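A.B. asks: Provided herewith is a single structure, encoded as structure tokens, for subsequent inquiry.
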Amino acid sequence: MQKLDPVNILKESIAPFVISVEKVAHVQPNNTLEHALLILIKSGYTAIPVLDTNFKLHGLITKAQILDSILGIEHIEPERLETTKVSAVMSKTLARMKDYEPFERALSYSINHPFVCVEDDLGAFIGIITRSKLLAYLNGYLHEQKKTK
Ligand code: 2BA
């Protein structure tokens with residue numbers, strides 16, 4: 001087995017950690033909030049990426065953003081779910097990196113983000129890396145290190 005050291009692990013490829021696009025729940029910018037809420041509820045996730053039909057990443061949308069957008073002054077206004085588009089509510093700032101960037105970049109993003117979006121050189125969305133996958137790998141790595149001491 002390859003002997004890892006702290007410098008090597010930081011420079012490792014992120015490829016083994018990527019959950020590929022076919023497995024990532026997502027919505028499109030011109031979908032309604034009603035559709036996005038259905039996808040979020042059915043998938044069980046609190047936040048998912050927003051991709052267009054060419055798999056270009058536009059942002060991310062959360063259940064909290066959708067619920068916030070239907071709050072009126074005194075009432076919840078669910079009719080807005082049918083008339084508002086995802087693009088009007090989504091966040092455009094998100095953790096994103098290229099597929100050739102190293103493990104250390106994904107790790108440092110995951111301090112503040114539960115997942116990082118990964119794109120290829122042409123800007124096509126490839127998938128996501130979740131904080132839990134990175135931590136599970138680090139945990140295994142640290143235990144291996146302990147055994148060899
Ligand atoms: P959250 O939706 O806040 O989910 C937090 C954690 O809850 C997930 O961590 C997972 O451990 C668990 N969880 C939530 N929904 C689940 C479900 N339907 N089935 C199984 N476990 C579920 P991670 O798996 O590390 O995911 C971190 C974040 O990455 C998620 O945050 C979500 O925003 C995003 N994510 C993960 N997998 C995704 C996928 N296949 N499609 C879209 N987004 C995904």
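Here, each number is a calculation from the coordinates, and none is a lab measurement. Please read all numbers here as calculations on a predicted model, not as lab measurements. In this analysis, Cβ positions are derived from the backbone assuming ideal geometry, glycine residues included, and neighbour counts consider all displayed protein chains.
A.B. asks: Straight-line reach from LYS92: which aspartates and glutamates fall under 14 Å, measuring Cα to Cα and dropping same-chain residues less than 8 apart?
C.D. replies: Within the straight-line cut-off, LYS92 pairs with ASP52.
A.B. asks: Can you pull the one-decimal nm distance between simple spin-label points at LEU138 and THR32, each 7 Å off the Cα toward Cβ?
C.D. replies: Here the answer is 4.2 nm between the modelled labels.
A.B. asks: How far is helix 131-147 tilted off the main Cα axis of the chain, in degrees rounded to 10, range 0 to 90?
C.D. replies: It works out to around 20 degrees.
A.B. asks: Then there is this: Based on other C-beta atoms within 10 Å, arrange PHE55, PHE125, PHE115, PHE17 from fewest to most.
C.D. replies: Going from sparsest to densest Cβ surroundings: PHE55, PHE17, PHE125, PHE115.
A.B. asks: Moving to a separate point now. Calculate the all-directions average of the projected area of the chain's alpha-carbon convex hull, and give it in nm². Before the final figure, lay out the partial values.
C.D. replies: On the way: hull surface 42.9 nm².
Dividing the Cα hull surface by four gives the mean projection, 10.7 nm².
A.B. asks: Suppose R0 equals 35 Å; then what is the FRET efficiency for HIS75 and ASP120 from their Cβ-Cβ distance, rounded to the nearest 0.05?
C.D. replies: The pair HIS75/ASP120 has a calculated efficiency of 0.20.
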